[in-house]
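A short write-up of the structure that comes next.
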DNA sequence: CGCAAAACCTATTGACATAGTAGGTAAATA
DNA sequence: TATTTACCTACTATGTCAATAGGTTTTGCG
């Protein structure tokens, strides 16, 4: 189950993508529109800036904006940044070197197959695909 | 990420499916073969009995066995019993009636699509598909 | 220059799930 | 009657989730 971090981040991205102007959008506005705690969104927005999804600007008329066109963001990169790997099992995270039984593991091929399916699904979806009315 | 409960349950099912005889298999043997804490497996096996995946028998020559042929179990039913719903977001769990914004939600169609994909994948996989060498 | 708005920062919290452990009781067989 | 096994209740340490609280820095505007 995806957590609020990933889901809220996606909603922030959609909110930003829906703004017409190229100005910075204050988090206060986003939090009100999306009905999410502004304080909690601060944490999420900070991670999004650090991960290169959005740009932040302090001070008056500051806020956040996208770095790229909505069509250039995949849903996968947004979720993966916030939630960590899509790996359905620990063995598939990172290098997988720790499990000695991988060669004889009866379930690993299935997990791998699902992992690929999931990545293809979410990396195939673009942010722009979500904002059509 | 799937937890050990679902993964261990699947390994117990595979272990049972690989046994030639129709006798009850003691958990001690399974725990040793699979290198999983027997005490923890007890909890898992109890849930599996309750959910109708396996049958248990107490006393000498007791243990656990499958209720059906391996080909008649889907991986989906095993995982879903142990992990709960496959729903990727809370809105899709149960009746979804709580979210008032579902009609205008930009992300719900995507979550629904993924939910169907995931269910189809895991309900399409049979236990017998995992035990070919 | 000073004020307000905004991001940015550190720390803390309550609730819950995970992954077990511990120790005992009941049932069945030899 | 002893042994083997499932079955049962309770407990625990650790970590994650979903925030909250309160402060500091940056920036534009009057």
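Sorted from shortest, what are the nm distances separating the label point of residue A:120 from equivalent points in the other copies, each placed 7 Å from Cα along Cα to C-beta?
With the label placed 7 Å along Cα→Cβ, residue A:120 yields 1.2 nm.
Can you give the average number of partner chain beta-carbon atoms within 10 Å of each beta-carbon in peptide B:105-115, as a whole number?
Mean partner shielding for this stretch: 4.
Can you put A:33, B:7 in order of Cβ neighbours within 10 angstrom, beginning with the fewest?
With the sparsest Cβ surroundings first, the list reads A:33, B:7.
Take every Cα pair under 8 Å in chain A that's 6+ residues apart, average their separations, divide by the length, and report that relative contact order as a whole percent.
It rounds to 30 percent for chain A.
Using all Cα-Cα distances in the protein assembly as shown, what percent lands in each 10 angstrom bin from 0 up to the longest?
6, 26, 27, 19, 14, 7, 2, 0
In nm, what is the difference between 0.36 nm times the number of residues separating residue A:102 and residue A:37 and their Cα-Cα distance?
Working it through step by step, the gained length comes to 19.1 nm.
Placing a label point 7 Å from Cα toward Cβ, how far apart in nm is residue A:103 from its equivalents in the other copies, listed shortest first to one decimal?
Distances to the matching label points in the other copies: 6.1 nm.
For chains B and A related by rotation, which residue of B has the Cβ nearest the axis, and what is the rounded distance in Å?
Result for the axis mapping B onto A: B:117, 3.
Hey, what number do you get for chain B at 222 nm if only DSSP H runs of n ≥ 4 count, each worth -39500 (n - 2.57), divided across all residues, to the nearest 500?
Only helices count here, giving -15000 deg cm²/dmol.
Along each of its three principal axes, how wide is the spread of alpha-carbon positions in segment A:4-130, in whole angstrom units, largest first?
60, 27, 23
Shortest first, in nm, what separates the label point of residue B:28 from those of the same position in the other copies (7 Å along Cα→Cβ)?
6.9
Values quoted throughout were computed directly from the atomic coordinates according to the rules given, and no laboratory measurement underlies them. Not measured: the values here are computed from a predicted model. Here the Cβ is made from the backbone with ideal geometry for all residues, glycine too, and neighbour counts use every protein chain on show.
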